[in-house]
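Contents: one structure, followed by commentary.
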Amino acid sequence: MNVTQATRLVAAREIRVKLRDRTFLFGTLFFLLIAAAGTILPPLLSGGPESVAVTEAAAGPLRAAGLDVRVVPDDRAAEQAVRDGDVDAAVVSGPAVLALDEAPDDVVRALSTAPPVRLLDPDAVDPVVAFLVPFVFAFVFFITSQTFGLQIAQSVTEEKQTRIVEILVAAVPVRALLAGKVIAGGILALGQIALIAVVAVAGMQIGDSGGLLTLLAPAIGWFVPFFLLGFVLLAAMWAAAGALVNRQEDIAGVSTPVQLAVMLPFFAVIFLNDNASAMRALSYLPFSSPTAMPLRLFTGDAAGWEPFVSLAILLVTAGAFVVAGARIYEGSLLRTNGRTSVRAAWRERESIG
Amino acid sequence: MTRTLRLDGVDRSFGDRQVLKNVSFEVAAGRMTGFVGANGAGKTTTMRIILGVLAPDAGEVSWGGATLTRQDRQRFGYMPEERGLYPKMSVREQVTYLGRLHGLDAPAARRATDALLERVGLGERGDDLLETLSLGNQQRAQIAAALVHDPEVLVLDEPFSGLDPLAVDTVVAVLRERAASGVPVLFSSHQLDVVERLCDDLVIIGDGVIRAAGSRQRLRDSYTVPRFELVVATDAGWVRDEPGVTLVELDGARAVFDLPAGADEQPVLHAALARGPVRAFRPVSPSLTEIFREVTQ
C-alpha cells in the first residue's frame, strides 16, 4: 500500500467518525438554521407593499406602483381607515397623503415625479451589503478554520493519548496520517460551507434577494481556492500543536499562536475593510488573504492579476508550513511523556522509512 | 517458509544514554521466542526498532536475509507495550480499519475481523464501542488488532500483562497457532513463569546488551551447574560431607545440592541407599528465574 492509499484510508476514517459526532451534526444544523433565517426572514419581516386607502378616482397611479390599494367611498372614510389602523396610509384630495406616525415613502414616491438620476459608478455596492459581505466572508473563514483546525488537533492528540499512534506509525507512513487528517478536515469544512451556501442561496431566492448573488458570484469563486490553501496553512499548524501534547486538555495551551493567527486577521479584515491601503496589504498577507482578497474582488478594488499573485504567495507559505508542521508532527508524535517543545520536536525527528 | 527475523549489531542512544549496545539475535520461523529483561533493559526500544517506529543508530534488522522495508513491516503484527485503540469506535470497525491500513482490501478485512473476534471471544461485543468494554476485553481487542492482517511476523510487547488467566489461555492458544503455521513470534514479558511455559527460544537482555540467546533447553544446559534433589527417610544432613557436593537447600529429609560440572551423581545415590530408603533422587532443572538472575548479574 502506498502513501496515497494510506492517506485515503485515514481521511475516510476521520470523516466517518466526524459524521457520527453529535456535536458536529448539531453545529452544522445550527449554522444551516442561521443561514436560512438570515436570508428568508428579513424580506418577510419587512412586510408586503404598503396598503393605502383612496377613492377610485385617484387609485390609478397607486395601483401602477404596485401598492395594496383599498378603494373607499370618500376622503373621510379614507382618513378613518388610517386612524383605525386598517391601512398604512391614505391619499385624499389635494392630493395629500395621510399617515399615523411615519411618512409612507412608497406612496409618496408613487405620486411624485423623480428627477432623472445618472449613476457615475453603477457597480458600487449598496453600503449595507458592503458592510455585511466582508463580515460574512471573514466569519465563515474564522469559524470553519477554528472548528475544523481544532478538530484536527484533537484527533492528533487522541491518537497520542490513547497510544494507538504507535500501531498506526508502524503500519503507515507518518506523512499519510498527517495528510489524511488535513484532507479530511478540508473536505468536511468545505462540505459544511457548501451546504450552508446552498441553504443561503435557496433562502435568497425565497426571500427574493437573488440579485446579490450575481454580485457575489466572482468573489465566492475566488474564495474557494483561497479558503482551501488558507485552511491547509492553518491545519498544518493545528496538527503540529496537537502532536506536541498528550492530553486533550493541553491543546488550548499550545495552540495560542495558531488561535492568534486566525483571530488577528479576522479582526483586521472586519475593522479595516473600508481602508483601501490596509486591505491591499491584508490581501497579500498569507493569513488574511483568504478573506481580504475575495473581498477586494467583490468591491472591485483589485486588478485582475492581483488574486493570482496573492494565491501564489499563499501557496508557497502553505507549502512551507506543511513541511515545517510535518516535521514537528513526526518529531513529537511518539513522545508520550508530557509536553514536547517545538525545538525538541524539530531536532528529534526519527528518520524512519 | 523458513524466514528468519534477524537483528545485527543494533545500537541506539537517547541523548547521552546508550540503551542498546550491539544487539544481535534471531527470531526463527515457527518458534515462539521469549524476550526477557528487567525494566529499562531495552526490550521496548528493540521492538520499536524492529517495527520501524524508532530508527537504529547503527546496525540493521533483516527479514529473510534482506534489510527490512516498510512494505515488509506492513505485514508485521505489532502489539505495543502502551496499549490503545480508538475509544469511541466500535471494536469491529477499528479492527477492520487496522486490517485495511495493513493492506487488506475491505471484504478481506471484514472477514478477518469477524473470524478473529469470534476466536478471541469478542464475537458478541464486536459492535460495542471500545470504551464500554472491560479492560480484559479491551486487551482481547488489542490482540485482534495485532493479528487481523494475518501477519508474517508477530512482535508483541508484554502481551500478557493485564490479562486474566482465561484470556491468557486464549491468547497463548492463538499465538501458538500462528507460530505453528510458520510465523516467527517475538514476545516480551516480565512474567518469567509465563515465558517459561510458552517459549521455544529465549533472548535475555540486560542494560542494552544481549546476555543470552538460544533455545530454552540449551540455555538451561549451559547456564547451570548440575543440581539434584534427594529425599530420604531420615535427616539428609550428611549429604554436605559427600565429596564434591555443594548444599543448596536442606529441609529435614530433603536436600538440594550442586555437583561440579561433569561430575558423576551416582556415588551420592549409592551413599544414600547405603544409609536407608531413598524416596526420590532427580536432577533439578533450573527455573528461568534462576537463569535470568545468573545471566543478568
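Coordinate-derived values only; no laboratory data. Source: prediction; values computed, not measured. Neighbour counts run over all protein chains shown; Cβ positions are idealised from the backbone, glycine included.
Using Cα-Cα distances under 8 Å and only pairs 6 or more residues apart, what relative contact order does chain A have, in percent?
About 20 percent, as a whole number.
Can you work out D for chain A in µm² s⁻¹ from Stokes-Einstein, where Rh is the Kirkwood radius over C-alpha pairs, the temperature is 20 °C and the viscosity is 1.002 mPa s?
90 µm²/s
Can you compute the modelled spin-label distance between A:Ala77 and A:Ala217, with each label point 7 Å from Cα toward Cβ, in nm?
5.0 nm
What Kirkwood Rh does the stretch B:103-208 have if only Cα atoms enter the pairwise 1/r average? Answer in Å.
Computed over Cα pairs of the stretch B:103-208, the Kirkwood hydrodynamic radius comes out at 14.8 Å.
Would you give the gap between the C-alpha center of the stretch A:139-162 and the C-alpha center of the stretch B:240-297, rounded to a whole Å?
68 Å
Quick one: what do you get for the stretch A:51-200 if you divide its Cα Rg by 2.2 N^0.38 Å?
Normalised by 2.2 N^0.38 Å, the Cα Rg of the stretch A:51-200 equals 2.08.
Bin by bin, in steps of 10 Å, what percent of the Cα pairs in the stretch A:132-236 do you find, going until the bin that has the longest distance?
Using 10 Å bins, I get a P(r) of 13, 38, 25, 14, 7, 2 for the stretch A:132-236.
Taking the stretch A:47-108 as the region of interest, what is the percent of Cα-Cα pairs per 10 angstrom bin, listed from the shortest bin to the one with the maximum distance?
Binned Cα distances yield the sequence 26, 64, 10.
Can you list the HN-Hα couplings for the stretch B:108-114, worked out from phi with the Karplus curve (6.51, -1.76, 1.60; θ = phi - 60°), rounded to whole Hz and with x for Gly and Pro?
My calculation for the stretch B:108-114 gives 5, 5, 5, 4, 4, 5, 4 Hz in order.
Calculate the mean, over all residues of peptide B:81-88, of how many other protein chain Cβ atoms lie within 10 angstrom of the residue's Cβ.
6
Let me check the size of the stretch B:84-129 from its C-alpha atoms; what are the radius of gyration and Dmax in Å?
So, for the stretch B:84-129, Rg and Dmax equal 9.9, 26 Å respectively.
Label-point separation (nm) for A:Trp346 and A:Ile187, each offset 7 Å from Cα along Cα-to-Cβ?
3.3 nm
Would you calculate a helix-derived [θ] at 222 nm for chain B, using -39,500 (n - 2.57) for each DSSP H run of n ≥ 4 and dividing by the full residue count, to the nearest 500?
The helix-only estimate for chain B comes to -10000 deg cm²/dmol at 222 nm.
List every residue whose amide H lies under 5 Å from the amide H of B:Asp11, counting only residues 5 or more places away in sequence or on a different chain, with H placed 1.01 Å from N in the peptide plane.
B:Asn22, B:Val23, B:Asp57, B:Ala58, B:Gly59
From the cross-link list A:Lys18/A:Lys181; A:Lys181/B:Lys43; A:Lys181/B:Lys88, which pairs have alpha carbons spaced over 22 Å apart?
A:Lys181/B:Lys43
Rounded to the nearest Å, what's the spacing between the alpha carbon centres of the stretch B:101-177 and the stretch A:180-250? Just the number, please.
What the calculation gives is 39 Å, centre to centre.
List the pair-distance distribution P(r) of the protein assembly as shown, using every Cα-Cα distance, as the percent of pairs falling in each 20 Å bin from 0 up to the bin containing the longest distance, rounded to whole percents.
With a bin width of 20 Å, the distribution comes to 15, 33, 24, 15, 9, 4, 2, 0.
How large is the direction-averaged shadow of the alpha-carbon convex hull of the stretch B:177-297, in nm²?
9.5 nm²
Applying the Karplus parametrisation 6.51 cos²θ - 1.76 cosθ + 1.60 with θ = phi - 60° to the phi angles of the stretch A:256-261, what ³J(HN,Hα) value in whole Hz is obtained for each residue in order, glycine and proline being reported as x?
Whole-Hz 3J(HN,Hα) from phi for the stretch A:256-261: 3, x, 5, 4, 5, 5.
Just to check I understand the Karplus step: with θ = phi - 60° and J = 6.51 cos²θ - 1.76 cosθ + 1.60, what whole-Hz values come out for the stretch B:189-204, glycine and proline as x?
6, 9, 8, 5, 5, 5, 4, 4, 5, 9, 8, 8, 10, 9, 10, 10
Taking each residue of B:91-103 in turn, how many C-beta atoms of other protein chains fall within 10 Å of its C-beta, and what is the average?
4
Once you keep just the Cα pairs under 8 angstrom separated by 6 or more residues, what percentage relative contact order results for the stretch A:51-103?
36 percent
If one puts a single equal scatterer on every Cα of the stretch A:126-192 and applies the Debye formula without solvent, what log₁₀ I(q)/I(0) results at q = 0.14, 0.15, 0.27 Å⁻¹?
-0.54, -0.59, -1.11
Would any residue of the stretch B:110-148 have its amide N under 19 Å from a label point 7 Å out along Cα→Cβ of A:Arg22? List them or say none.
B:128-133
When chain A is modelled as a GNM with alpha-carbon springs shorter than 10 Å, which of A:Gln192, A:Gln146, A:Gln205 fluctuates the most?
Evaluated over chain A, the most mobile residue of the options is A:Gln205.
Quick one: longest stretch of chain B between exposed loop GluC sites (Glu not before Pro), exposed meaning at most 15 other C-beta atoms within 10 Å and loop per DSSP?
Looking at chain B, B:125-297 is the longest stretch - no exposed GluC sites (Glu not before Pro) with at most 15 other Cβ atoms within 10 Å.
In the stretch B:5-221, what is the volume of the convex hull around the alpha carbon atoms, normalised per residue and reported in Å³?
In the stretch B:5-221, the Cα convex hull volume per residue is 118 Å³.
Across peptide A:167-180, how many C-beta atoms of other chains are within 10 Å of each residue C-beta, on average?
5
Per the Cauchy relation, a quarter of the hull surface: what is the mean projected area of the convex hull of the alpha carbons in the stretch A:260-353, in nm²?
Averaged projected area of the stretch A:260-353's Cα convex hull equals 8.0 nm².
Once you wrap a convex hull around the alpha carbon atoms of the stretch B:225-296, what is its projected area averaged over all directions, in nm²?
The number I arrive at for the stretch B:225-296 is 4.8 nm².
Rg to Rh for the stretch A:1-80: what is it, with Cα atoms only and Rh by Kirkwood?
Result: Rg/Rh = 1.58.
Hey, what did chain B get for relative contact order, percent, Cα under 8 Å, at least 6 apart?
21 percent.
Could you work out the Kirkwood radius for the stretch B:1-89, taking every pair of different alpha carbons, averaging 1/r and inverting it, reported in Å?
The Cα-based Kirkwood calculation yields 14.2 Å.
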